[in-house]
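Comments concern the structure below.
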Amino acid sequence: MSNKKNKGQVIIISGPSGSGKTTLHKKLLTCKHKLLVKTISATTRPKRQGEKHGRDYFFLSEKMFLYKKRRGHFLETQKVFDNYYGTPKKNVQDLLKNGKTVLLCIDVKGAKVVCHKIPEARTIFIKTPSLEVLRKRLEKRGSEGSETLKLRLAIARKELKESRNYQHVIVNDNLKNAYEELERIVFLDYDCKSD
Ligand code: ADP
Ligand code: 5GP
């Protein structure tokens, strides 16, 4: 999948669950720049309070997800925390064809697959100042039971080791500073504001 001709580009955002990826990318999308689009992944995980099918994720049954996977619907899929997640391939292809800057908020394993398929992809890793801060934010978000929370923290330790493979690492301590850094990376370094 080449995106050289039309200047569409992929920006991957990864980081442990609770590091602030959703908060930061949603803020980025409110600037409504016409070139910036986030793909909507499919997942088999249950919907959280306030989440909407087709806006936050496509919430699919496992049967439907695996059917779509077999039909080649996804650019990549991963099992994360016992649920499947997948990036819709056609959506990314269409957006790149239209010269968009495509944000993918995906886990570190999915990011490796995408970087292999789209070597020009830009990569940003978001982390908290410490695991303790991460735990507190996950607790405060209140989206996980204690077992899931433990699992997410255990996986976070592994994911953090992968941050060295990313082009940019943002420490999301103060939200405003983290956001400004993200904005600088997305808009200035890659000049997607230029039309
Ligand atoms: P992710 O999408 O990476 O799982 P979220 O964006 O859901 O993470 O953030 C996890 C929780 O931390 C949310 O409740 C969010 O409001 C909060 N949060 C995000 N960034 C900060 C920050 N800089 N300071 C304090 N709380 C934050
Ligand atoms: P959450 O359940 O908290 O929304 O997401 C859990 C993890 O799955 C996060 O690390 C998130 O980035 C990742 N994720 C979300 N969508 C995808 C996807 O399409 N592919 C992959 N590989 N990971 C995803």
Self-check item: Selection status of residue 176, over 12 Å from residue 11 (Cβ atoms) and either more than 16 Å from ligand 2 (Cβ to nearest atom) or open to solvent by 60 Å² or more (accessible area, probe 1.4 Å) (or both)
Solution: yes
Quiz item: Restricting to the range 44-98, what's the tally of residues that are polar (S, T, N, Q) and in contact with a Gly (Cβ under 8 Å, 6 or more places away or on another chain)?
Solution: 4
Quiz item: From the set of residues in the range 47-57 that are closer than 19 Å to residue 81 by Cβ and open to solvent by 80 Å² or more (accessible area, probe 1.4 Å), which is nearest to the chain's Cα centre (by Cα)?
Solution: 47
Quiz item: When the range 110-134 is examined, which residues are found to be away from ligand 2 (no atom under 13 Å from the Cβ), among the basic types (Lys, Arg) and open to solvent by less than 70 Å² (accessible area, probe 1.4 Å)?
Solution: none
Quiz item: Yes or no: residue 27 surrounded by fewer than 21 Cβ atoms within 10 Å (Cβ to Cβ), touching a helix residue (DSSP H, G or I) at 6+ places or on another chain (Cβ under 8 Å), at negative phi and at pLDDT below 95?
Solution: yes
Quiz prompt | From the options 87, 101, 77, residue that is open to solvent by less than 20 Å² (accessible area, probe 1.4 Å), within 12 Å of ligand 2 (Cβ to nearest atom), in contact with a helix residue (DSSP H, G or I) (Cβ under 8 Å, 6 or more places away or on another chain) and touching a residue at least 24 places away in the same chain (Cβ under 8 Å) | solution = 87
Quiz item: If you scan the range 11-24, which residues turn out to be buried (at least 19 other Cβ atoms within 10 Å of the Cβ) and more than 10 Å from ligand 2 (Cβ to nearest atom)?
Solution: 11, 20, 24
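The values are calculated or read from the model by the stated rules, or taken from the named source; none is laboratory data. It should be emphasised that the depicted structure is a prediction, and the values quoted were computed from it without experimental measurement. Positions of Cβ are generated from backbone atoms using ideal geometry, with glycine treated the same way; all protein chains shown enter the neighbour counts. Remember, those area values only see protein heavy atoms, side chains included, never the ligands or the DNA or RNA. Shrake-Rupley method; radii C 1.70, N 1.55, O 1.52, S 1.80 Å.
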